[in-house]
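The values are calculated or read from the model by the stated rules, or taken from the named source; none is laboratory data. Not measured: the values here are computed from a predicted model. Using ideal geometry, Cβ is built from the backbone for each residue, glycine included, and neighbour counts are taken over all protein chains shown.
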Amino acid sequence: MKLSGKAGFTIIETMLFLGITSLLIVGFLAGTGNTINNQRYRDSVESIAATLQQQYSDVLNVSNTRNTTSSMTCTGMADIYTGGSSPKKIGQSDCVFLGKYITYSASTDKLVIRTVVGSPKPNTDPLSQSSDIAALTDYNIKPLIATASDDFYLEWSPTLVNAAGSPISFSVLILRSPLSGSARTFINNTGITADGNISTLVQNSYLINSLKMCVKRDSVSTMKKSAVMIIANATASSGVQTQGGETSLCN
């Protein structure tokens, strides 16, 4: 007489199957998480570069976002007053649009971007000058008061550091020369210049500076740190460049 039995898995085989399956799932999820984080990191770098490039487009196109119902009075010191009963249409304020002022501090992790206006100094004629810097120094220049809409928060919460990994602060002044119509970039790569002193940036010593911003995300992305560069004396959006982790030399 034959004994009959049912084929099946032993408890050891079942445990091995479940263990291997769990490891495969964990590995898949970890790989997916790294892919998403790396893509977010790339998006952070590209969004910073695109935002800076847009400022050059605004400067060269003489962008003026003031609405038609606001009244702007500009003094000879480029102080702006708003309000009043006689609104001026776009492009008809007493000041001229000269460019953009960009600042960054590691304590806030955002770019503050403001419009810069100017008023010619008494007894000067910017258009009679022989160089862009000389023409720009004929203006009293100041940034407009910051508003929430001027803030660009870095996407996916990175921080900007130098090549050694230390926090940085900087000021970038992009001005359109009334003489040549070209953009000129003045960079203070060691700190933020106070609003009332930005005219001190309009000199050759700041024109020859470049700015390197290494983009850091703590323990989130497995990628090497990339960088966004503003090259010295940038005159257009092409002066804003990105460097991948293999070439950025960011620690």
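Tabulated data
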quantity: Among residues of region 100-138, those that are on the phi > 0 side of the Ramachandran plot and β-branched (Val, Ile, Thr), counted; calculated: 0
quantity: Filtered residues of region 148-168 (kept if part of a loop (DSSP other than H, G, I, E, B), among the hydroxyl-bearing types (Ser, Thr, Tyr) and within 20 Å of residue 38 (Cα to Cα)); calculated: 157
quantity: Scope region 178-217; condition touching a strand residue (DSSP E or B) at 6+ places or on another chain (Cβ under 6 Å), under 16 Å from residue 234 (Cβ atoms) and hydroxyl-bearing (Ser, Thr, Tyr); matching residues; calculated: 185, 206
quantity: Total residues in region 217-242, condition more than 18 Å from residue 103 (Cβ to Cβ), crowded, with 20+ Cβ neighbours inside 10 Å and under 16 Å from the mean Cα position of the chain (by Cα); calculated: 2
quantity: Any chance residue 145 is closer than 16 Å to residue 103 by Cα, in a loop (DSSP other than H, G, I, E, B) and not small (Gly, Ala, Ser); calculated: yes
quantity: Among the residues listed as 140, 251, the single one being touching a residue at least 60 places away in the same chain (Cβ under 8 Å) and assigned to a strand (DSSP E or B); calculated: 140
quantity: For residue 179: the one exception among (1) in contact with a Lys or Arg (Cβ under 8 Å, 6 or more places away or on another chain); (2) in a loop (DSSP other than H, G, I, E, B); calculated: (1)
quantity: Residue 187 being part of a loop (DSSP other than H, G, I, E, B), closer than 20 Å to residue 108 by Cα and under 15 Å from the mean Cα position of the chain (by Cα); calculated: no
quantity: Residue that is surrounded by the most Cβ atoms within 10 Å (Cβ to Cβ), among those in region 124-148 that are at pLDDT 90 or above and farther than 18 Å from residue 95 by Cβ; calculated: 132
quantity: Candidate set: region 178-202, residues that are under 23 Å from residue 51 (Cβ atoms) and among the polar types (S, T, N, Q); chosen: the one surrounded by the most Cβ atoms within 10 Å (Cβ to Cβ); calculated: 185
quantity: Test result for residue 161, touching a residue at least 24 places away in the same chain (Cβ under 8 Å), more than 20 Å from residue 202 (Cβ to Cβ), surrounded by 20 or more Cβ atoms within 10 Å (Cβ to Cβ) and of a type in the set (Val, Ile, Thr); calculated: yes
